[in-house]
Structures are given as structure tokens and as C-alpha cells.
Amino acid sequence: MTDKPSNFLATIIEDDLASGKHKSIHTRFPPEPNGYLHIGHAKSICVNFGLAKQFGGSCNLRFDDTNPEKEEQQYINSIQEDVRWLGFEWQGEPKYASDYFQQLYDWALLLIENGDAYVCELTPEQMREYRGTLTEPGKNSPYRQRRVAENLDLFQRMKSGEFADGSMVLRAKIDMASPNINMRDPILYRIRKKTHHQTGDQWCIYPSYDYTHGQSDALEGITHSICTLEFEDHKPLYEWLLSKLPVPCQPKQYEFARLNVNYTVTSKRKLKKLVDEGVVNGWDDPRMPTIAGMRRRGVPAVALRTFAEMVGTSRAGGVVDLGMLEYAIREELNQNAPRAMAVLRPLEVVISNRPDDWQEQLSVSNHPQRPELGERKVAISQRLYIDQNDFNTDNSLSRKKFKRLVPGDYVRLRGGYIIKAESFTQDANGQVSQIVASLVEGSLGTDVEGVKPRGVIHWVCANSCIDAEIRLYDRLFNHETPDKGGDDFLQHVNPSSLQLVSTAKLEASLAQAAPETVFQFEREGYFVADRYLHQSDKPLFNMTIGLRDVWQSKA
């Protein structure tokens, strides 16, 4: 063990190791490969892999691939990539529930032989009717008393493909009057004549998650099967099945509260709807709460791990403010992201007291608080670009209200000289199109007596800057709980969640930025070179997050 327990699960594990109940711990992360992982999965990954690491144990990656209708290889690939990107590694090769299909089938035969399972031919509608409600007990299926031999014959014929999809199922024989509906003769096997991504056409019957889960844990020697709280009502079935079968060990299930974040949906069905209906551009769209989407947006893996720690692990549910994740992202990037200059809304500035061919190379710090990150060379020439928002024609504005450039006053260029706006021209629409300014001699990196700049603004050299596409991202939903209530969650999609900027001018060094490198664009925010589309001759940057929480001011 490397650290002291930090939550109730760590305390349980420490006690189990201290008492000798387990010599080492073995956890698992068992996603279903029917979509990309999202922020809630990131928390589960951190819990399962993190506890294994904390106590010197191991953690399996196991794909719960029991439903070939919804599962695809692309999801398997993305899940493996996400886990590794978050900084974790699983024990051995990835495992699959399908690895155990033969053993699960053999054990299903054993349940039938022992009178603990039967083949049922109720339709789905009839099964719902027979199941009862939370306040009323269910009633026995008319097929519940079939003889063992008949059940064995039917189940084997189900496996051989004699019957149509949905015509019959295998059910556990437990108690139709149980107050826990999960114990009312749950389904163990369904007929699904679909090709499986791992087993091909070897099987046409597939086990349910509830049947597969505990037995897979036992076969893998899992000691602590950690789930979210929605599986708490499934625990009695988990334990019942383990008690009825000759499993090699008896894993124990523990539950913690799932991660719910406001302004976010994490239902795979709803995330898939966003993709299928073109609301977003794929599962890894930077607006998506998927791990792949957050990665493409430039969210550091360490920020997600920090967020998981900040949220904590307990049995108490609730909704976490998205601002907490955004805080973790800003803190990490503020400390580690190198600085650069980019002008998103360019306005030309001509330096009147320098010749047309004048150009210098300035040394600019890559990070103001981290000198070890070094400096870079930035060109300055007679023609510059500043941001349109950094100039106002009204020179009567007080310095307190407007700390940028106005006619007749001074500002300092970030890392460079002080300039004074002498005049400006406007186009036919009254838009300022050019500023003529003078450079204050002797002001490079030093103050000049009698000259007090209003503030510091960012800029780029017009001679050497590069054109780039910038994608400004905001929260995908403008409602705190987009999937609650009677409204369709798509009604709460933020129409301004993506804005394309095609006019941006960037300092030349950014053309060579490696994909997935995040920079703080001075006074603009944090931006990442797109993982797939950024090229030196066609730069593309995604906005990761702004410098401050603008949503707080909207509240």
C-alpha cells in the first residue's frame, strides 16, 4: 500500500488485507462496448484502477460483450485507448465476457439440472404482466414447473438455433413474490441470432449481464467487485448465483455513488442520439462529455484524475457542478500550458516611426511563473495585428474602465514595446480598419519616464503570422438538468456551443505545434492543436476553456 485510505472502499480493502481475508486485491473495470466512455466512466476507471494501484493489487479490463446487436470493435478500441490515456494499465490482456461463454453455458445446464432454472415461453408483454409491481408480487410462469429433462432439451435446442429470436428465454427459478423485483425469476439467456464481434456465429444465445457479471468476476479471481449504486438491488442476485454454482472464488460486490454532473447527459442512448442526429460531429466531438471528446478538446488526463479525487468516492449521491471540473482543468493548464499569442479578430496597426522593412526578433517567456520552460523568439515588424476589442475610438474612457488602446494614449505590447495610437481609419460601415501608432523609443522591456501605458495587450507580427481556424467551444447544454422533466433533452442544446473563427492570426511558432499540445493564448484562453486536423500548413485549434468561469456571471 502506498497511501492511507481516502474513502470507504479503501478502508474496506485495508481491513481485508490486514485481517488476512485477502493476500492481495484484484479489481476490474467492465464496460459494455456499445459506445464511447464518458465522464462517469472516467470516475469508475479512477476508482477501480486507482484502488488497485494504491494497494499494490491488479485491475482487469473486461468487456461485457453479451449483446452483439449494439457492440462494435470501434468501441472496444476506443475504450482501451481511453483507459491508457487516463494513465492506467490493466492486468494481462483485455478480457471479454465472451471468453467465458462455454463455461457460462455449462453452468446454466447445471442450474437447470439442479432445478434452479427453466425455459420460459412467455412473450415480453406477458412477462411484464406476470412480473408484478413494486407493491404487488408477481405470479409464476405457466412454464415454471417444466421437468428438468424438458428444460435441458429446450435449452440445448435454443443453443442449436431451432427457435426464433424472442420465442423463449432461460430464467432463474427464485421467487416471484420477492420484494426485490430483480429476484423474480430473472432472465439468464436470450436468443439473439446475431454475429458476435469476438465469437462470430458460434453462439445464437447470449447470457444476460446479471448472469455474466458475478461468474466472470469469480473466474478472474476478483476480490472487490466495485459498482455504482444502481447495481445495489442486483447484489442479492449476484450472490444467489455465486452460491448456486461451483465458482472458483466468492467475490464481494461494493457500491459507490455514480458521478452526475450538471449541464451534462451521460446516458449512452442520449449520447448516441446526439451523434446519430448530427447535433455533434461524432463521439469525440470536443463538446461531448466522452473521454475521447474531452481529450480532443485539450482537457489534460491529470485534470480528470484530479476532478475524480475532488468529487470523492462515497455512497452519497448528488449532482456535481461542472464548474468543479472546469476549475481542475484551469488549475492544471495554468501551471503547465506554455503561452503563445493569437489574435482572433485582427485589426491592423502600422508603426509610423519605423521603416517598411523594419523587423526585430524579441525574446518572450514561454511561461511567466516557470522560467525552466524557457523563451521563444517572436518577430515584430512595422505592421502588426491586435484584437479589435483592444481598441476603442472614445479616448474619453477612463483607464479604469478601459485598459487598452485609445487615440492619443499608450499600451504595452506583450513582451515588446510601448506604442501610442496616433490616428485611425474606418471603413464604409464605420468599422475601424487600421490604426497608425508610434513606437516609444527605449521602451522594450523597461518603463519610460513620463509614459504610463493603460495596460498590456497581445499582438502578432503581420509579416510572419499564420492564418488558422479556431473553434470556440462552450457547454453543449444551456440547462442545468437537460435530461430531467418532460422536455426532450435536445431542446436544451446550446445553439452557441460551437463558433468557427476563420480570421485568426497566430504567431508563427504555432504552425509547428504538435497535435494535442495545449497553449494559453494570451488573454484569450486555453487552446489545443486538434488531434486529427491540425497541420503546419493548415493550423486548427480547439478552445479548451476560457481564462475565467463566464457561467458564474450568467447565473
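The values are calculated or read from the model by the stated rules, or taken from the named source; none is laboratory data. These figures come from a predicted structure and were not determined experimentally. No Cβ is skipped: glycine too gets one built from the backbone with ideal geometry, and neighbour counts run over all protein chains shown.
Odds and ends about this structure:
- Selected residue (only one of D467, D394, D390 is closer than 22 Å to A508 by Cα, at pLDDT 95 or above, among the acidic types (D, E) and surrounded by fewer than 15 Cβ atoms within 10 Å (Cβ to Cβ)): D467
- Within the range 145-167, the set of residues being in a loop (DSSP other than H, G, I, E, B) and surrounded by 16 or more Cβ atoms within 10 Å (Cβ to Cβ) comprises R146, F163.
- The criterion of at least 1 residues that are under 13 Å from the mean Cα position of the chain (by Cα) and farther than 16 Å from I545 by Cβ is met, among helices (runs of 4 or more DSSP H) falling completely within the range 264-337, by 268-276, 291-296, 301-311.
Conditions tested, residue by residue: (1) surrounded by 14 or more Cβ atoms within 10 Å (Cβ to Cβ); (2) among the hydrophobic types (A, V, I, L, M, F, W, C); (3) at pLDDT below 95.
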position: R330; (1), (2), (3): yes, no, no
position: Q335; (1), (2), (3): no, no, no
position: V343; (1), (2), (3): yes, yes, no
position: N366; (1), (2), (3): yes, no, no
position: R383; (1), (2), (3): yes, no, no
position: R399; (1), (2), (3): no, no, yes
position: G408; (1), (2), (3): no, no, no
position: L413; (1), (2), (3): yes, yes, no
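- E522 meets each of the listed conditions (1) crowded, with 22+ Cβ neighbours inside 10 Å; (2) over 21 Å from the mean Cα position of the chain (by Cα) apart from (1).
- One residue alone among S24, S44 is in a loop (DSSP other than H, G, I, E, B) and of a type in the set (S, T, N, Q), and that residue is S24.
- Hits in the range 222-258 (condition: under 16 Å from T11 (Cα atoms) and outside any strand (DSSP E or B)): T223
- Hey, R330 of a type outside the set (D, E), in contact (Cβ under 8 Å) with a residue 40 or more places away in the chain and in contact with a Pro (Cβ under 9 Å, 6 or more places away or on another chain) or not: no
- Candidate set from the range 434-459 (those that are of a type in the set (S, T, Y) and surrounded by 14 or more Cβ atoms within 10 Å (Cβ to Cβ)); member that is nearest to G408 (Cα to Cα): S438
- Hey, Q361 outside any loop (DSSP other than H, G, I, E, B) and either surrounded by 17 or more Cβ atoms within 10 Å (Cβ to Cβ) or without any contact (Cβ under 8 Å) to a residue 40 or more places away in the chain (or both) or not: yes
- Cβ-Cβ contacts under 7 Å between residues 6 or more apart (or on different chains), taken from a first residue in the range 47-58 that is farther than 14 Å from V83 by Cβ to a second residue that is acidic (D, E), are listed as Q54/D3.
- Restricted to the range 133-170, and to residues there that are out of contact with any Phe, Trp or Tyr (no Cβ under 9 Å at 6 or more places or on another chain), in contact (Cβ under 8 Å) with a residue 40 or more places away in the chain and among the aliphatic types (A, V, I, L, M), the residue that is farthest from V119 (Cα to Cα) is L134.
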